[in-house]
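Engineer: What follows is a structure written as structure tokens; I'll ask about it next.
The values are calculated or read from the model by the stated rules, or taken from the named source; none is laboratory data. Keep in mind it's a predicted model, so treat the numbers as computed, not measured. Cβ placement follows ideal geometry from the backbone for every residue including glycine, while neighbour counts extend to all protein chains displayed.
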């Protein structure tokens with residue numbers, strides 16, 4: 001299904017061949033990535049648990065985002081709120097409006113399920129542009145503090161500043 005199209009950007013459902021392209025491109029840009037993450041998103045989409053989207057820029061796979069309409073993870077797990085998961089734009093395609101369009105489409109999809117959407121954002125510097133974008137889009141911290149994986153980090157707990165360390169943010173959609 002196509003969700004958005006203009007002269008440069010196309011946003012559509014993810015397909016299996018996209019998983020290999022994204023994985024290879026992320027490895028080429030120095031990220032530690034495996035195809036399994038994307039295959040899981042495709043499986044979740046096939047089983048009706050997620051909407052996995054890809055953005056093309058001038059015909060090239062350039063980014064991705066996933067919406068879980070009734071997420072089972074994080075600060076609002078099992079409360080009927082959609083979660084945006086695994087959002088990224090390949091470095092060579094950034095600053096072309098792709099990320100904003102992906103978020104617009106994901107939020108529109110989420111608004112069909114609830115009046116609020118949430119997401120977790122990593123805390124290390126690699127997530128800096130995403131952190132700024134989410135705040136500019138109106139996302140606010142949910143108040144539960146820092147999470148590591150599936151658990152809230154207790155006050156004064158030691159933790160590792162890797163991709164599992166996150167802050168959950170939410171946004172009212174309507």
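Engineer: Kindly provide the set of residues from the range 40-64 that are in contact with a helix residue (DSSP H, G or I) (Cβ under 8 Å, 6 or more places away or on another chain) and within 16 Å of residue 96 (Cα to Cα), ordered by number.
Structural biologist: 54, 55, 57, 60, 61, 62, 63, 64
Engineer: Can you pull out the residues in the range 40-65 that are assigned to a helix (DSSP H, G or I), in contact (Cβ under 8 Å) with a residue 12 or more places away in the chain and under 19 Å from residue 77 (Cα atoms)?
Structural biologist: Matches in the range 40-65: 41, 44, 45.
Engineer: Just give me the residues in the range 134-145 being at pLDDT below 95 and surrounded by 13 or more Cβ atoms within 10 Å (Cβ to Cβ), in sequence order.
Structural biologist: Correct list: 142, 144, 145.
Engineer: Output the residue which, of all residues in the range 1-22 that are without any contact (Cβ under 8 Å) to a residue 24 or more places away in the chain and surrounded by 11 or more Cβ atoms within 10 Å (Cβ to Cβ), is nearest to residue 88 (Cα to Cα).
Structural biologist: 19
Residues are listed down the side, and each one gets a yes or a no for (1) in contact (Cβ under 8 Å) with a residue 12 or more places away in the chain; (2) within 21 Å of residue 141 (Cβ to Cβ); (3) crowded, with 21+ Cβ neighbours inside 10 Å; (4) in contact with a strand residue (DSSP E or B) (Cβ under 9 Å, 6 or more places away or on another chain):
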position: 67; (1), (2), (3), (4): yes, yes, yes, yes
position: 75; (1), (2), (3), (4): yes, yes, yes, yes
position: 78; (1), (2), (3), (4): no, yes, no, no
position: 105; (1), (2), (3), (4): yes, no, no, yes
position: 109; (1), (2), (3), (4): yes, no, no, yes
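Engineer: Taking the residues in the range 76-107 that are part of a loop (DSSP other than H, G, I, E, B) and in contact with a helix residue (DSSP H, G or I) (Cβ under 6 Å, 6 or more places away or on another chain) as candidates, determine which candidate is nearest to residue 167 (Cα to Cα).
Structural biologist: Checking each candidate, the answer is 82.
Engineer: Next question. Given the conditions (1) within 14 Å of the chain's Cα centre (by Cα); (2) in contact (Cβ under 8 Å) with a residue 40 or more places away in the chain; (3) more than 25 Å from residue 5 (Cα to Cα), report the number of the one that residue 117 does not fulfil.
Structural biologist: Only one criterion is unmet by residue 117, namely (3).
Engineer: Starting from residues that are in a helix (DSSP H, G or I) and out of contact with any helix residue (DSSP H, G or I) (no Cβ under 6 Å at 6 or more places or on another chain), keep the ones in the range 23-39 and report whichever is surrounded by the fewest Cβ atoms within 10 Å (Cβ to Cβ).
Structural biologist: Step by step, filter the range 23-39, then rank; the result is 36.
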